[in-house]
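Worksheet for the structure shown next.
Rule-based calculations on the coordinates, nothing more; no lab input. If you're wondering where the values come from, they're calculated on a predicted model, not measured in any experiment. Virtual Cβ from ideal backbone geometry, glycine too; neighbours counted across all protein chains shown.
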Amino acid sequence: MKPLLQLSDIRKSFGAVRALKGVSFDLQPGEVHALLGENGAGKSTLIKVITGAHSPDDGTLTVDGESLRSLTPSRARELGIACIYQQPALFPDLSVAENIGLRLKKTSAFAKVKHAEQRALALDLLKRVGAEISPDAEVRELSMPEQQLVEIACALGSGAKIVIMDEPTASLTQKEQHLLFGVVRDLRANGVGVVYISHRLEEIFALADRVTVLRDGESVGTHPVKDLTEAAMIQLMVGREVAALYPPAESEPGAVVLSLKNLGCSASGVRGIDLEVRAGEIVGMAGLVGAGRTELARILFGITPADSGQITLNGKPLTLSSPRAAISHGIAYVPEDRRRHGVILEMPIAHNITMAVHPVLFPGTWLRFKAETAMAKDFIRDLGIKAYGPDAPGGSLSGGNQQKVSVSRWLATKPKLLILDEPTQGVDVGAKSEIHKIIRNLAKEGLAVLMISSDLPEVLGMSDRIAVMREGTVTAVLPGDADAHDVMAAALGQSGKEVA
Amino acid sequence: MNGKYSREITVAAALGLLLVALAIFAPNFFELQPLLSRFTSQMPALVAAIGITLVIITRQIDISIGAQFSMCAVVAGLVAAAGMPLGVAVLAAVGTGVVMGAFNGILVAWLGLPSIVVTLATMVTWNEMLRLWQQGRLLPLPDGIQWFGLSQSAGQGVVIAVAVVLLLAAAWAMKNLAAGRHVYATGTDAEAARLAGIDPKRVTFGVFVLMGGLAGLAAVLNLVQSPQVQPNAGDGLELKVIAAAVVGGVAITGGRGNLWGVLLGLLLLANVNPALTHFHQPPYWERAIQGLVILLAVVADGLKRSKKTA
């Protein structure tokens, strides 16, 4: 049978980051093909290549027998490729029927909208996906899964032959999941090919015919699902040795600095967290995207205050209601999105570094440029920041050096607890190991470090202990020498013993 | 030109060119007394421009400053007419401005409402309150208020000195006080500022309060230049100073700009009218030329930005 979609040796780089290093993939008619991989393995990039959002640097796409160098989003739609994202892209102020009509009917801007026809079409499509949604409802009134069903209805209506589903069940209830599974099976029965992405292994076993595993931007194998066990799948996802590039722990952890008891925040979906971080210890925090790790960091930094449980810092119970309060108690947070929240690109790095220490560095009211420059020079030297001087704007630095500036800002506050969120994301290899050395040295000097990372080798290589989060809570705390298997199993919700 | 001060240099060059042309073709322009009068009459706008510059750098806008200015002028005038000393009138004007600024600040900073809508509402409200209250009456001032009871040239000296000292103090503070840097940080990225322990709400509130206070001071500097108070003295002031800020290189998207550029922008725009008179051209061209200058500044900003992102 001729495949609906064939990708061969697709490559794509973003600057120095090689997101896809030669991925091959094919989709047959009437097949559900699961795509599996850790965070950052290249799944999203691959989808964007298929939907035409990114054009590959190299490799070929064959859609329905037609070979293409690359696609545009509109060409992909014409070829019958539809993608259902986690966050539906509908217009909230328009009705369901209007949304469907807008997506499916190409009319000239001044043609009269045929309301009755539009409504009938919507009604028919909604019935086909088994959704009990009125075509007249405004989309903003719909729940997330209802919106997803509208998206699927659009895909059906467009006569899509290739449907990509990116973690479609992430926000669905059990009942809605069953509904969705039914729709997927219908699609398959009608000869549609479905690319199904999910972190829930049980769904892959329930739905998929074949599975392709991506790791570090490469496809490491395509297998019929019935030939694989859960353990084998996890092995394929992580299957690599942790490089011995990480600086070793040299000190014994000291007293407990941070202690969390049953901590929760209903607004951000974090619940029942028990965790301790000691002086001189690096606690790595692993988990899938959306497991609640950044949300926990934001609670600890007072951005979204906790509404249940207890935070204790150096033996004293605390309430943290704002970043200012957190800073004054000696908590520092190097945020994930460094370009947005970490470094102000327009400002000189000296200003960036002193931003959180104004009251300390400048007692009284005015700034002391000498003290500021001296502090900036110290950090530039100590952390090896590559810049032409303290006056260089943050935006002129490379990603790794920006990250060092962001770290400097927080070290300047002389914190007791340092929270790092994805400290080496988008940083090149050399700067990465420098940042690792910096983090290890800080721990050696007695700082308590909580390091959130989606980079599994980094978590394994750096951590003295590893806390794994899943669905808003810490599900496992593993020793630093735990293996990739156990961490991934805990993150996916399988117990470590089963896979061992 | 792409240097750090390219805008200031461009505006200064345009202003210089205009002055040189005037010196050659209309040397009358530089007669001392009229020149001094014209310069003095721009000082209230300069003081208000200091305030709006800070507001715009914080990535906000305040279009109620003309209304604030009128309100402060009337309050100060009434206090002075009641026989109170000038110092009390000044305090009353500044106090009134601070209260109106705080009102805007509360709505924008703590309720998170868009400043353009809030200040549009307060602009209309203050203006209509004034109209109902004063019915457009001119308010005569007692002796000893005009020119602070000094001679005209001494009075002009005081007005200019106050405005220039305020400008110097504000420019110094923006560079040397932590508060100044907090204003830039909030305007560039409020969330990043918050994560660094700066309270963007407090910064925004403070900037609006300062704007109100400066509008009050500006009203006083205007009031002392004439024997009576016009209850619509501030009409159009907001556009004038926002235009000066934009021409002077203050980014309407926040985070960027400085007071020296604004001073140059104000002087350039303010000289269009007298220059036309001295070149014996009809004064109707004033607004059109000012519009063109603003347009040029905005286009230059746009080109610079698109080049950066390209």
What's the longest bit of chain A with no exposed chymotrypsin sites (Phe, Trp or Tyr not before Pro), using DSSP loop states and at most 12 other Cβ atoms within 10 Å as the test?
-> A:111-387
Would you mind checking segment A:302-318 for residues with the amide N under 18 Å from a putative spin-label position 7 Å along Cα→C-beta of A:Ser266?
-> A:304-310
Under DSSP loop assignment and at most 16 Cβ neighbours within 10 Å, longest chymotrypsin sites (Phe, Trp or Tyr not before Pro)-free interval of chain B = B:6-278
Per-residue HN-Hα couplings for segment A:24-33 [Karplus 6.51, -1.76, 1.60; θ = phi - 60°; Hz; x = Gly/Pro] | 10, 6, 9, 10, 9, x, x, 10, 9, 10
For segment A:256-499, what D do you get in µm² per second when you plug the Kirkwood radius from alpha-carbon pairs into Stokes-Einstein at 37 °C and 0.692 mPa s?
-> 180
Kirkwood Rh, Cα atoms: Rg over Rh of segment A:360-424 | 0.98
Long-range alpha-carbon pairs in the protein assembly as shown, meaning those over 55 Å apart, account in percent for 25
Take every Cα-Cα distance within segment B:25-150, group them into 10 Å bins from 0 onward, and report for each bin the whole-number percent of pairs it holds.
-> 11, 34, 31, 18, 5, 0
Would you kindly calculate the translational diffusion coefficient of segment B:161-310, applying Stokes-Einstein with the Kirkwood radius from alpha carbon pairs, for 20 °C and a viscosity of 1.002 mPa s, and quote it in µm² s⁻¹ without decimals?
-> 122
With r as the distance between the Cβ atoms of A:Lys377 and B:Val117 and R0 = 51 Å, compute the FRET efficiency 1/(1 + (r/R0)^6) and round to 0.05.
-> 0.65
Ratio of the Cα radius of gyration of segment A:363-500 to 2.2 N^0.38 Å, where N counts its residues = 1.26
Among the lysines in segment A:256-499, how many pairs, 8 or more places apart or on different chains, have alpha carbons under 17 Å apart?
-> 13
In whole Hz, with x marking every Gly and Pro, tabulate ³J(HN,Hα) for segment B:37-51 from phi via Karplus 6.51 cos²θ - 1.76 cosθ + 1.60, θ = phi - 60°.
-> 4, 5, 4, 4, 5, 8, 5, x, 5, 4, 5, 5, 5, 4, x
With no solvent and one point on each alpha carbon, what is the Debye value of log10 I(q)/I(0) for chain B at q = 0.12 Å⁻¹?
-> -0.82
